[in-house]
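The values are calculated or read from the model by the stated rules, or taken from the named source; none is laboratory data. On a predicted model such as this, the values are computed, not experimentally measured, just so you know. A quick note on method: Cβ atoms are made from the backbone with ideal geometry, for glycine too, and the neighbour counts reach across all protein chains shown. For the accessible areas, the whole protein counts, side chains as well, though only heavy atoms, and no ligand, DNA or RNA atoms are used. Shrake-Rupley method; radii C 1.70, N 1.55, O 1.52, S 1.80 Å.
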Amino acid sequence: MFRTAIPLGRWAGVSVRAHWSVLLVLLLITDLLASAVLPRAAPGANTAWYWVTGGLTAVGFLVSLLLHELSHAAVARRHDVGVRRITLWMLGGAAELEGEPPTPKADLRIAVAGPITSLLIGGAGLGAAALAAGALPPLPVSGLAWLGASNLLLAVFNLLPGAPLDGGRILRAVIWWRRGDRARAGAIADRSGQVLGAALAMAGFAQLFFLGQFTGLWLVLLGWFLIFSAQAEFTAGPLRERLGGVRVGDIMNSSPVTAPGWWTVDAFAEYAAGAGHERVFPVLSFDGVPVGIVSFGDLIKVPAGARRATRVADVARKDRAVTVVGVDAQVTALMERGFPRPGRDLLLVTRAGRLAGVVGSDDLARAFELAALGHRPRTTDGRTPSSLKA
Ligand SMILES: [Zn+2]
């Protein structure tokens with residue numbers, strides 16, 4: 001979902017990035033503050049000051065959003081749950097955890113950390129605004145007050161009981177604790193997220209069409225997001241659980257047909273015609289190091305007259321589309337990179353820099369399908385069930 005995100009460096013050891021849609025939010029909030037909220041709260045100031053205060057307050061809001069996510073991340077780490085990264089985007093922030101919390105207690109603590117932080121920032125903002133009311137000009141005081149109020153709203157909204165909101169995770173932790181069944185608790189929290197999403201989307205539509213308020217669109221988007229991501233979690237959750245601990249080495253094809261990079265396109269096509277059934281191949285250097293991938297589609301693009309003079313390495317794809325993973329990487333870590341395109345892409349699996357195998361779309365699909373059938377893929381060695389052997 002967040003393929004195009006801008007890195008914002010590491011905060012407290014966690015890598016933070018922002019999706020481009022954050023800029024849109026920054027502009028919308030600045031505009032809302034400068035042209036509506038601030039002129040009403042502190043009339044009679046210079047137009048430029050409304051925009052400066054609006055812009056600074058909007059940045060302050062994004063920083064408080066980041067602090068909310070960082071507090072989830074900090075508590076997760078205290079419970080030995082790794083944090084992959086934090087992404088800020090149009091509808092808020094997301095701290096991606098590397099594993100599942102080990103106990104309901106840990107789940108609960110990680111979930112409540114964010115809303116507590118937002119409540120504290122909200123209280124601090126409103127408190128500071130009250131204290132500064134006489135001492136500072138009304139414009140910065142109004143900015144502070146808005147920042148405080150919006151953080152309180154953020155905390156309350158996030159406590160709504162539906163996944164993937166924090167309230168949904170709290171619900172999951174509580175049901176998990178009472179009934180002792182994590183998967184069942186997760187499913188209930190996801191269902192609740194879908195119901196909540198539908199309610200929010202309907203409220204948004206009503207606001208949009210009956211009250212003519214444009215902000216209703218935001219509620220519609222948010223509702224849609226809740227429905228969509230609750231559904232995704234609903235199906236991905238159990239699969240993720242079943243694939244947990246399965247390594248890339250367990251699902252890879254460990255004896256793929258390889259393409260020597262120094263061969264000509266024509267020589268390799270001749271060789272591949274009689275070797276295996278693959279359409280995409282890892283390309284190796286003369287020293288046996290994987291340097292990229294090449295598909296029949298790539299070879300076809302070379303003009304017929306040039307195929308005897310062009311080397312495979314020259315048409316191999318070495319770009320970012322080629323993913324290189326270690327044999328011990330988790331299969332679940334591959335899930336978020338998206339599926340390799342059939343007949344086009346291949347994941348190269350390495351052991352100590354050498355090619356150990358490849359993972360194509362069929363290998364991944366096979367792992368998911370086996371997981372759906374309740375089985376774990378194991379290292380394949382082409383064994384035939386003994387009952388079928390002659
Ligand atoms: Zn949160």
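A few comments on the model shown:
- Cβ-Cβ distances below 6 Å connect the following pairs, each with a first residue in the stretch 57-75 that is farther than 16 Å from Gly167 by Cα and in a helix (DSSP H, G or I), a second residue that is within 12 Å of the ligand (Cβ to nearest atom) and of a type in the set (Ser, Thr, Tyr), and a separation of six or more residues or different chains: Leu67/Thr117.
- All positions within the stretch 146-167 that are polar (S, T, N, Q) and either within 13 Å of the ligand (Cβ to nearest atom) or without any contact (Cβ under 8 Å) to a residue 40 or more places away in the chain (or both): Asn151, Asn158
- Residues of the stretch 92-108 that turn out to be within 14 Å of the ligand (Cβ to nearest atom), touching a residue at least 24 places away in the same chain (Cβ under 8 Å) and charged (D, E, K, R), as a count: 1
- Among the residues of the stretch 171-191, those that are open to solvent by less than 30 Å² (accessible area, probe 1.4 Å) and farther than 16 Å from Leu108 by Cβ comprise Ala187, Asp190.
Every residue, every condition in (1) open to solvent by 20 Å² or more (accessible area, probe 1.4 Å); (2) within 14 Å of the ligand (Cβ to nearest atom); (3) not aromatic (Phe, Trp, Tyr), yes or no:
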{"position": "Arg78", "(1), (2), (3)": "yes, no, yes"}
{"position": "Arg85", "(1), (2), (3)": "yes, no, yes"}
{"position": "Met90", "(1), (2), (3)": "yes, no, yes"}
{"position": "Ile110", "(1), (2), (3)": "no, yes, yes"}
{"position": "Ser118", "(1), (2), (3)": "no, yes, yes"}
{"position": "Leu136", "(1), (2), (3)": "yes, no, yes"}
{"position": "Leu144", "(1), (2), (3)": "yes, no, yes"}
{"position": "Arg169", "(1), (2), (3)": "yes, yes, yes"}
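- From the list Ser285, Ser254, the lone residue that is surrounded by fewer than 19 Cβ atoms within 10 Å (Cβ to Cβ), within 30 Å of Gly99 (Cα to Cα) and touching a residue at least 12 places away in the same chain (Cβ under 8 Å) is Ser254.
- Test: residue in the stretch 67-76 that is more than 16 Å from the ligand (Cβ to nearest atom) and open to solvent by 60 Å² or more (accessible area, probe 1.4 Å): no
- Selection of the stretch 341-364 for residues being at pLDDT 85 or above, of a type in the set (A, V, I, L, M) and open to solvent by 50 Å² or more (accessible area, probe 1.4 Å) yields an empty set.
- Among the residues of this structure, Thr332 does not count as one that is within 22 Å of Phe281 (Cβ to Cβ), open to solvent by less than 50 Å² (accessible area, probe 1.4 Å) and modelled with pLDDT of 65 or more.
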